[in-house]
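The values are calculated or read from the model by the stated rules, or taken from the named source; none is laboratory data. Here the structure is a predicted model, which means the values were calculated and not measured. Note: ideal-geometry Cβ built from the backbone for every residue, glycine included; neighbour counts use all protein chains shown. Only protein heavy atoms, including side chains, enter the accessible area calculation; ligands, DNA and RNA are left aside. Shrake-Rupley method; radii C 1.70, N 1.55, O 1.52, S 1.80 Å.
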Amino acid sequence: MKKIAVFASGNGSNFQVIAEQFPVEFVFSDHRDAYVLERADKLGVLSYAFELKEFESKAAYEAAIVELLEEHQIDLVCLAGYMKIVGPTLLAAYEGRIINIHPAYLPEFPGAHGIEDAWNAGVAESGVTIHWVDSGVDTGKVIKQVRVPRLADDTIESFETRIHATEYQLYHQVLESLGVGRR
């Protein structure tokens, strides 16, 4: 069975949905006070957290992450709201084994504010993308995408809620398609 780790920087709602359906070896956060760590504790999932500022360089920070991944023999890293760009150290060790979820239909609206950017652009639809991570920002090969329409009576909050609901379904489908066994 494939061993997965989930990386998240904040709330961890995607992590929770994944961990309720699939065995997660551990969750990693780049913020020691991230709510995802509380979610992990409540679900009995091992967690680690350390911050870039605690290291002399991004390469040293990522080397510590690679050490964790190797120690736990992780097959697949699932980025789920991890707000750091994966750098060369982590990518060199795990290229082809890191996936990311993005709250827009790539290549539309890459970067940290996909939902807000789509909303502000006034598009009729946006979406959700899960893709392989490469050296660019949200440029990796697409695994699966789903469109999410913007409804006439939407607020940014209702639009965002539907996008997140789509994320939860899409991550489940992609993990199954990649051979990750269920709980």
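How about the range 107-126: which of its residues are open to solvent by 10 Å² or more (accessible area, probe 1.4 Å) and either of a type in the set (A, V, I, L, M) or part of a loop (DSSP other than H, G, I, E, B) (or both)? Steps first, answer last, please.
First, pick out the residues of the range 107-126 that are open to solvent by 10 Å² or more (accessible area, probe 1.4 Å): 107-113, 115-117, 119-125.
Correct list: Pro107, Glu108, Phe109, Pro110, Gly111, Ala112, His113, Ile115, Ala121, Gly122, Val123, Ala124.
Only residues in the range 157-183 that are within 20 Å of Gly122 (Cβ to Cβ) count as the first member; pair them with residues that are part of a loop (DSSP other than H, G, I, E, B) and open to solvent by less than 50 Å² (accessible area, probe 1.4 Å), Cβ under 9 angstrom, at least 6 apart or cross-chain, and list the lot.
Sorted first by the residue in the range 157-183, then by its partner, the pairs are Glu160/Pro103; Arg162/Asp154; Ile163/Pro103; Ile163/Ala104; Thr166/Pro103.
I'm trying to understand the selection: among the residues of the range 23-46, which are assigned to a strand (DSSP E or B) and under 14 Å from the mean Cα position of the chain (by Cα)?
Within the range 23-46, Val24, Phe26, Val27, Phe28, Ser29 meet the criteria.
Kindly establish whether Val133 is closer than 19 Å to Phe15 by Cα and either more than 14 Å from the chain's Cα centre (by Cα) or surrounded by fewer than 13 Cβ atoms within 10 Å (Cβ to Cβ) (or both).
The answer is no for Val133.
What residue, among those in the range 94-139 that are in contact with an Asp or Glu (Cβ under 8 Å, 6 or more places away or on another chain) and among the polar types (S, T, N, Q), is nearest to Val6 (Cα to Cα)?
Only one residue fits best here, namely Asn100.
Which residues, counting only those in the range 1-15, are surrounded by fewer than 17 Cβ atoms within 10 Å (Cβ to Cβ) and over 9 Å from Val36 (Cβ atoms)?
Met1, Lys2, Lys3, listed by residue number.
So which of Ile85, Ile74 is under 20 Å from Gly181 (Cα atoms), assigned to a loop (DSSP other than H, G, I, E, B) and either touching a Pro at 6+ places or on another chain (Cβ under 9 Å) or in contact (Cβ under 8 Å) with a residue 40 or more places away in the chain (or both)?
Ile74
Mind listing whichever residues of the range 23-64 are open to solvent by 30 Å² or more (accessible area, probe 1.4 Å), among the aromatic types (Phe, Trp, Tyr) and touching a residue at least 24 places away in the same chain (Cβ under 8 Å)?
Correct list: Tyr35 only.
Would you mind telling me which numbered condition in (1) open to solvent by 50 Å² or more (accessible area, probe 1.4 Å); (2) in contact with a helix residue (DSSP H, G or I) (Cβ under 9 Å, 6 or more places away or on another chain) Glu157 fails?
Against the list (1) open to solvent by 50 Å² or more (accessible area, probe 1.4 Å); (2) in contact with a helix residue (DSSP H, G or I) (Cβ under 9 Å, 6 or more places away or on another chain), Glu157 comes up short only on (2).
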